[in-house]
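Participant: Sharing a structure with you now.
The values are calculated or read from the model by the stated rules, or taken from the named source; none is laboratory data. All values derive from a computational prediction rather than experimental measurement. Cβ placement follows ideal geometry from the backbone for every residue including glycine, while neighbour counts extend to all protein chains displayed. Heads up: the accessible areas ignore ligands, DNA and RNA and are worked out on the full protein's heavy atoms, side chains in. Shrake-Rupley method; radii C 1.70, N 1.55, O 1.52, S 1.80 Å.
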Amino acid sequence: MSSRPKVFISRMIPQVGLDMVAEVAEMDVWPEQMPPAKSVIMERIADCEGLLSLLTDEVDGALMDAAPKLKVVSNYAVGFNNIDVDAATARGVLVGNTPGVLTGTTADLAWSLLMSIARRIVEGDKYVRARQWKTWEPQLLLGSDVYEATIGIIGFGRIGQAMARRAAGFDMRIVYTDIERNVEAEKETGAEFMQLDDLLRASDFVTIHTLLNDDTFHLIGAREFELMGPDSYLINSSRGPVVDETALYEALKNETIRGAALDVTEEEPIPDDSPLLELDNVVIVPHIGSASRQTRNKMARMAAANLIAGITGEPLPNCVNPEAAS
Ligand code: DGY
């Protein structure tokens with residue numbers, strides 16, 4: 001019988017991470033495209049010391065109680081709203097995440113979304129493929145200028161600041177809001193701090209880079225769209241529930257705002273019957289913010305390193321609840 005610690009990995013992460021884990025643990029990797037049901041995870045982790053989870057796995061107290069030997073939950077994401085961290089801490093289970101390595105990649109995607117909706121790239125592509133392109137036209141697919149416009153960044157952490165650096169290259173006015181001012185980052189990026197309502201009024205492009213928690217759930221809804229106004233755009237690459245999607249649909253349909261571009265939706269995948277899918281003034285991609293080959297490999301290494309540290313009793317390189325160790 002093997003004396004190596006057992007771990008469950010809830011999906012096929014890049015091989016580089018699996019190879020690292022295989023050196024120290026006996027691993028059980030869920031092989032399918034769709035995530036394992038919670039009940040299946042509970043069965044599979046019964047004698048595991050480590051769980052490598054994805055943002056599609058709900059890791060709560062009941063799930064952790066199914067694994068009495070559990071020492072660590074290593075999330076293959078920077079966000080960890082899928083994990084009940086308080087419940088983990090109460091059980092002495094460390095929680096790891098993958099910050100930093102996906103900052104540039106996620107900001108690149110958010111920037112592409114901003115450009116796509118402002119310059120109607122997706123509509124243009126559909127138009128060409130539908131064989132509708134007959135001639136050069138003065139009024140065809142007119143969009144909005146990005147350069148010298150005002151960008152409002154909600155959440156001025158690593159990814160928010162990376163957006164500010166991209167915006168500076170487009171000569172934009174940069175405003176931001178967060179729980180508190182970050183004077184250092186202001187100096188580095190030239191961004192101005194504003195309260196949320198002022199930011200919404202001032203911005204042509206509002207881009208969300210905040211965590212999802214009780215304070216940010218439906219942070220942007222009908223009232224906020226009214227403040228943004230008819231020439232403005234919303235970009236969300238954080239978590240879907242930060243935006244009230246019913247209100248977003250109304251705002252897009254009634255042209256309360258001009259457009260939106262989303263990497264995340266309230267329910268993922270977005271339901272087939274979502275009315276948003278009927279609108280031309282919204283671009284939606286399937287939560288691919290960190291989806292570059294290079295970054296997913298880095299995330300795999302980092303998630304593996306957190307998992308290994310947790311099962312071998314070392315401090316996690318990236319831990320969201322270090323107090324769980326005491
Ligand atoms: C994260 O890491 O939280 C992203 O949403 C997926 O990479």
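Participant: For segment 286-309, enumerate the residues that are over 30 Å from residue 26 (Cβ atoms), surrounded by fewer than 18 Cβ atoms within 10 Å (Cβ to Cβ) and either of a type in the set (S, T, N, Q) or touching a helix residue (DSSP H, G or I) at 6+ places or on another chain (Cβ under 7 Å) (or both).
Facilitator: Across segment 286-309, the qualifying residues are 288, 292.
Participant: Just give me the residues in segment 43-66 being among the aliphatic types (A, V, I, L, M), more than 16 Å from the ligand (Cβ to nearest atom) and touching a strand residue (DSSP E or B) at 6+ places or on another chain (Cβ under 7 Å), in sequence order.
Facilitator: 45, 51
Participant: Out of 67, 77, report the one residue that is within 24 Å of residue 102 (Cβ to Cβ) and either assigned to a helix (DSSP H, G or I) or not hydroxyl-bearing (Ser, Thr, Tyr) (or both).
Facilitator: Result: 77 is the single residue among 67, 77 that is within 24 Å of residue 102 (Cβ to Cβ) and either assigned to a helix (DSSP H, G or I) or not hydroxyl-bearing (Ser, Thr, Tyr) (or both).
Participant: Turning to a different aspect of this structure: Please enumerate the residues belonging to segment 85-102 that are open to solvent by less than 10 Å² (accessible area, probe 1.4 Å), β-branched (Val, Ile, Thr), farther than 15 Å from residue 211 by Cα and within 14 Å of the ligand (Cβ to nearest atom).
Facilitator: 95 - this is the single residue of segment 85-102 that is open to solvent by less than 10 Å² (accessible area, probe 1.4 Å), β-branched (Val, Ile, Thr), farther than 15 Å from residue 211 by Cα and within 14 Å of the ligand (Cβ to nearest atom).
Participant: Give me a count of the residues in segment 103-117 that are touching a Ser or Thr at 6+ places or on another chain (Cβ under 7 Å), of a type in the set (A, V, I, L, M) and open to solvent by 20 Å² or more (accessible area, probe 1.4 Å).
Facilitator: The total comes to 1.
Participant: Also: How about segment 172-199: which of its residues are closer than 25 Å to residue 258 by Cβ and assigned to a helix (DSSP H, G or I)?
Facilitator: Matches in segment 172-199: 196, 197, 198, 199.
Participant: Can you confirm whether residue 308 is under 17 Å from the mean Cα position of the chain (by Cα), of a type outside the set (Ser, Thr, Tyr) and under 23 Å from residue 82 (Cα atoms)?
Facilitator: no
Participant: Name the residues in segment 226-263 that are part of a loop (DSSP other than H, G, I, E, B) and more than 13 Å from the chain's Cα centre (by Cα), would you?
Facilitator: Passing the criteria: 229, 230, 231, 232, 244, 254, 255, 256, 257, 258.
Participant: Give the residue that is most open to solvent (accessible area, probe 1.4 Å), with candidates limited to residues of segment 118-171 that are assigned to a loop (DSSP other than H, G, I, E, B) and of a type in the set (Phe, Trp, Tyr).
Facilitator: The residue in question is 136.
Participant: Among 19, 28, which is surrounded by fewer than 17 Cβ atoms within 10 Å (Cβ to Cβ) and closer than 15 Å to residue 74 by Cα?
Facilitator: Going through 19, 28 in turn, the sole match is 28.
Participant: Among (1) within 14 Å of the ligand (Cβ to nearest atom); (2) in a loop (DSSP other than H, G, I, E, B), where does residue 266 come up short?
Facilitator: That leaves (1) as the condition not met.
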